[in-house]
Structures are given as C-alpha cells and as structure tokens.
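**Q** Okay, here's the structure, questions in a sec.
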Amino acid sequence: MDIKLLNQVEKESIGERQPLPEKYLRLSDDEMDARIAAAKKTLGERVVILGHHYQRDEVIKFADFTGDSLKLSREAANRHEAEFIVFCGVHFMAESADILRQPHQKVVLPDLAAGCSMADMAAPDQLEMAWRELEQMGIRTAPVENGKQGVVPVTYINSSAAIKAFVGAHGGIVCTSTNAAAVMKWAWERGDKLLMLPDQHLGRNTGWKMGVPLDEMIVWDPNEMWGGVTAPQVEKAKLILWKGHCSVHTRFTTAQVDVFRKQYPAGKVIAHPECTLDVVQASDDSGSTEYIINAVRNSPSGTTWAVATEVHLVNRLREEFSPDKTIVTLDPFGCLCSTMFRVSPNHLLWILEGLVEGQVHNHITVPEDQKRDAKLALDRMLAVRS
Ligand code: 13P
Ligand code: SF4
C-alpha cells in the first residue's frame with residue numbers, strides 16, 4: 001500500500017503527516033500486515049499496543065487493547081510487563097500514558113503529527129491568565145480552612161500535559177467522557193464552582209444531565225479580556241465552560257436527527273457528549289465511545305441506530321452487527337477525525353521494526369516537573385468511582 005495513494009483524504013493530508021523513510025512508503029497491504037505481525041511477534045511481551053476506538057481498521061487490528069480514553073489510561077497504568085507502550089491514538093493520550101507508566105517503560109506515538117485540535121484550544125498561558133483574572137474578580141482559587149475553594153479546575157483528558165499539571169497543582173482533576181459526572185461531583189464537593197476545560201460541550205452536557213440550570217453555566221472565552229464575562233456572571237455561575245470544542249463532533253446537527261427519524265421512525269440516536277447540547281437533547285442516549293459500543297451491543301435484535309461519533313467506529317459497528325442491527329452514521333458524509341487518521345499502518349510498522357532494531361522512534365517524554373503535578377490530577381481521576 002502506498003500511503004500517498006490510499007484515498008482522497010490521505011492525499012489531502014499527506015503534507016500534515018510525519019514523513020517516513022522512503023522504504024516505508026510503497027508496500028502492499030499484504031506485506032505491511034505480514035511485517036507488522038512479524039515485528040510484533042519478535043517483540044513479544046516487550047511491547048503492548050493500545051488502540052483508541054477511532055483508529056483506522058488497518059491499525060486497530062494490531063492493538064492488544066482497544067478502548068475509550070478512560071479504559072486506555074487504565075491499561076497504560078497497568079501493563080507493567082511491557083517495556084514499550086505503543087499508543088495508537090493522539091498526542092494527549094500518549095502523554096497521559098507517559099505520566100502513568102512505570103519507570104522502566106517507554107511510550108511511543110506512531111505519528112507525532114497526530115494531535116487533537118480540541119486539546120490545542122487550551123494553552124497553559126491562557127489558563128494562567130484566566131486563573132489570575134478569576135482571582136481579580138474575587139473568586140477564591142486556593143482552599144480555605146474547611147478545605148473548600150471558590151473554583152476547582154477540571155480538565156478533560158483531551159488536554160496537554162502542561163494543562164493537566166496546572167490543574168493538578170491547583171487542587172483539580174482530570175475527567176474523561178465516561179466519568180465526567182462522577183468527577184464533577186467530586187469537584188463540587190471541594191469547591192463552589194468548576195472551571196471546566198477545554199470542551200464546553202462535554203461540560204455543558206454533563207452539567208445539564210446533573211441538573212445544573214443553563215443560566216448557571218457561562219462560557220469563558222480565553223481570547224477575550226476577562227474571558228468575555230463580568231464578575232457578577234462569574235459569581236452566579238456554578239460551571240465556567242472554557243470556549244473549546246471538537247471540530248468532529250460539532251458537525252452533527254439536530255436537522256440530521258430529524259432526517260434520520262423520518263427515515264427510521266423506530267430508530268434510536270446515540271451521541272457522543274462532545275456533540276452540542278441540542279444534538280444530545282434530541283438523541284435517545286449519549287456516552288463515551290465505549291458506552292456507545294455497549295449500548296449498541298446490548299440492544300435487541302433488529303434495532304436501528306444512528307450514531308453521532310467518529311466514522312471509523314461507526315463503520316466498525318455497522319460491520320460487526322450487520323445484518324442483525326442497522327447502524328448508520330448520523331452525518332451522512334461521516335465525521336472523520338483527521339488527526340486520529342494520521343496514524344497509518346506504515347507508521348506503526350516503522351515504529352515496531354525500529355524497536356526490533358533497538359531504535360525508539362517518537363519517544364514521548366513529559367518533562368518531570370509537569371509529570372509530577374499532572375499525575376496528581378490523573379491519579380485523583382483514577383481514584384474516582386464512576
Ligand atoms: P472517548 O473515547 O473517551 O469517548 O473520547 C473520544 C475522543 O474524542 C477522544 O479524543
Ligand atoms: Fe480531538 Fe475531536 Fe479528534 Fe477526539 S475526535 S481526538 S476530541 S479532534
């Protein structure tokens with residue numbers, strides 16, 4: 001397979017990928033599969049491959065463990081026997097694995113260009129500025145005697161290690177789409193209000209499900225002075241939502257829900273909580289990628305589902321459950337996460353053959369000072385029961 005010729009999306013994004021040595025570019029599918037399998041076999045228990053549900057088929061079939069962000073964080077923290085953790089996902093996931101790994105382990109990401117546009121929407125200097133501005137607005141950012149603080153930072157795992165470190169150092173916690181409600185409950189036990197970043201939609205959807213009125217949620221725009229809000233608005237808010245979003249999940253619309261319901265009156269809609277609130281409200285159910293898989297799996301024979309999440313996962317669900325269940329993507333054009341897609345089988349092969357030859361390409365290393373504080377926030381999350 002020549003990655004330059006795979007399909008139109010590949011062609012358009014080829015310049016964004018991490019370049020590979022020429023010898024990894026023109027390989028047939030069969031040769032690539034055989035060489036990945038052979039390198040994996042040679043490495044044996046020295047390597048564990050983790051694959052997020054949005055990875056493409058040619059890559060995820062080689063994963064030892066697949067999962068959503070929470071499940072993969074737990075796997076990264078528990079696979080002590082492997083010397084190398086190859087993370088087929090995006091950059092923040094590999095960073096989290098590096099923070100949670102054992103000292104003898106190394107984490108690698110097959111393509112360093114596999115980032116996440118949502119994670120990039122919260123920069124550490126923006127968060128520091130927001131924190132200072134909240135203090136200047138009279139919000140207590142440090143715990144007082146009863147252990148409570150005015151605002152507790154909660155960061156979605158889709159954020160950089162530097163953001164997690166800030167959050168960990170300021171009494172905060174990480175959440176994923178699986179445990180957001182349990183984590184937010186934990187945070188409200190420790191503070192009057194939450195600063196939730198970077199995904200406003202996960203924050204709003206979870207807050208809404210937990211019964212927080214919409215007029216007690218405000219959006220903090222890091223590109224505006226004072227977040228674009230006033231001190232009285234902050235004072236009233238229980239939930240301060242960072243103005244960030246997922247460019248994949250915000251493409252789903254309620255109009256698409258209406259079209260699906262007309263075509264399949266008995267069908268059900270399930271949405272990822274990175275979708276907008278109106279889409280989640282118009283859906284029958286919502287949850288993380290792992291939750292979506294289980295909901296489809298446990299539904300009765302003959303159920304029809306429209307799924308509002310990344311298209312590779314939706315296509316696999318369709319293949320796995322057809323013809324017993326009908327699975328369609330809510331967006332007829334299918335929403336693709338182009339950064340998850342950057343991890344190609346060619347990159348995976350380059351990584352694995354490198355390890356066989358004693359070369360660690362794309363070693364992800366979070367600086368020690370960030371690691372200490374980010375680990376506080378991740379460990380707090382892993383201790384929360386959801
Ligand atoms: P989950 O797999 O944790 O639901 O997250 C989806 C996602 O967008 C990962 O980037
Ligand atoms: Fe980031 Fe959205 Fe892709 Fe997830 S689906 S990795 S949030 S851009």
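The values are calculated or read from the model by the stated rules, or taken from the named source; none is laboratory data. The structure presented is a predicted model; accordingly, all values stated were derived computationally and were not measured. Here the Cβ is made from the backbone with ideal geometry for all residues, glycine too, and neighbour counts use every protein chain on show.
**Q** Taking residue 254 as the residue in question, decide whether it is without any contact (Cβ under 8 Å) to a residue 40 or more places away in the chain and not assigned by TED's automatic domain parsing to the domain that holds residue 179.
**A** Yes; evaluated as a whole, the condition is true for this residue.
**Q** Take the residues of region 218-252 that are out of contact with any Asp or Glu (no Cβ under 9 Å at 6 or more places or on another chain) and of a type in the set (D, E, K, R): which is nearest to residue 335 (Cα to Cα)?
**A** Only one residue tops the list, namely 221.
**Q** Hey, among 385, 342, 372, 297, which residue is loosely packed, with under 15 Cβ neighbours inside 10 Å and within 16 Å of ligand 1 (Cβ to nearest atom)?
**A** When all the criteria are applied, what remains is 297.
**Q** Do you know which of the residues in region 54-70 that are assigned to a helix (DSSP H, G or I) and touching a helix residue (DSSP H, G or I) at 6+ places or on another chain (Cβ under 6 Å) is nearest to ligand 1 (Cβ to nearest atom)?
**A** Looking at the filtered set, the residue picked out is 59.
**Q** Okay, moving on. Where residues in region 202-233 are among the small types (Gly, Ala, Ser) and not in a loop (DSSP other than H, G, I, E, B), which of them is surrounded by the most Cβ atoms within 10 Å (Cβ to Cβ)?
**A** 203
**Q** Tell me which of these residue 310 doesn't satisfy, since it passes every other one: (1) within 16 Å of ligand 1 (Cβ to nearest atom); (2) of a type in the set (Asp, Glu); (3) farther than 15 Å from residue 54 by Cα.
**A** Looking at each condition in turn, residue 310 falls short on (3).
**Q** For residue 282, work out the one condition from (1) away from ligand 2 (no atom under 16 Å from the Cβ); (2) surrounded by fewer than 20 Cβ atoms within 10 Å (Cβ to Cβ) it doesn't fulfil.
**A** Condition not satisfied by residue 282: (2).
**Q** Take residue 71 and decide whether it is closer than 19 Å to residue 160 by Cα and of a type in the set (Lys, Arg).
**A** yes
**Q** I've got another one for you. Being surrounded by fewer than 24 Cβ atoms within 10 Å (Cβ to Cβ), within 16 Å of ligand 1 (Cβ to nearest atom) and part of a loop (DSSP other than H, G, I, E, B) narrows it down to one of 178, 141, so name that one.
**A** When all the criteria are applied, what remains is 178.
**Q** Follow-up question, since we're still on this one. Looking at region 146-157, can you tell me whether even one residue there is assigned to a helix (DSSP H, G or I), within 15 Å of ligand 2 (Cβ to nearest atom) and of a type in the set (Ser, Thr, Tyr)?
**A** Within region 146-157, not a single residue is assigned to a helix (DSSP H, G or I), within 15 Å of ligand 2 (Cβ to nearest atom) and of a type in the set (Ser, Thr, Tyr).
**Q** Could you tell me whether residue 162 is outside the structural domain of residue 309 (by TED's automatic domain parsing) and in contact with a Pro (Cβ under 6 Å, 6 or more places away or on another chain)?
**A** yes
Rundown of residues vs (1) within 12 Å of ligand 1 (Cβ to nearest atom); (2) touching a residue at least 12 places away in the same chain (Cβ under 8 Å), yes/no style:
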residue	(1), (2)
78	no, no
96	yes, yes
99	no, yes
103	no, no
126	no, yes
133	no, yes
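**Q** Looking at (1) crowded, with 19+ Cβ neighbours inside 10 Å; (2) away from ligand 2 (no atom under 16 Å from the Cβ), find the lone condition where residue 252 falls short.
**A** The one condition residue 252 does not meet is (2).
**Q** Looking for something away from ligand 2 (no atom under 16 Å from the Cβ) and either under 28 Å from residue 381 (Cα atoms) or touching a Ser or Thr at 6+ places or on another chain (Cβ under 7 Å) (or both) - is there at least one such residue anywhere in region 50-62?
**A** No, region 50-62 has no match at all.
**Q** Can you work out which of the residues in region 71-82 that are over 12 Å from the mean Cα position of the chain (by Cα) and in a helix (DSSP H, G or I) is farthest from ligand 2 (Cβ to nearest atom)?
**A** Result: 78.
**Q** So residue 87 clears everything in (1) under 19 Å from residue 374 (Cβ atoms); (2) in a loop (DSSP other than H, G, I, E, B) except one condition, right? Which one?
**A** If we test residue 87 against (1) under 19 Å from residue 374 (Cβ atoms); (2) in a loop (DSSP other than H, G, I, E, B), just (2) comes out false.
**Q** Give me a count of the residues in region 90-121 that are in a loop (DSSP other than H, G, I, E, B) and farther than 16 Å from residue 344 by Cβ.
**A** 8
**Q** Please work out which one of (1) touching a strand residue (DSSP E or B) at 6+ places or on another chain (Cβ under 6 Å); (2) within 12 Å of ligand 1 (Cβ to nearest atom); (3) not charged (D, E, K, R) is the condition residue 91 fails and give its number.
**A** All conditions are met except number (1).
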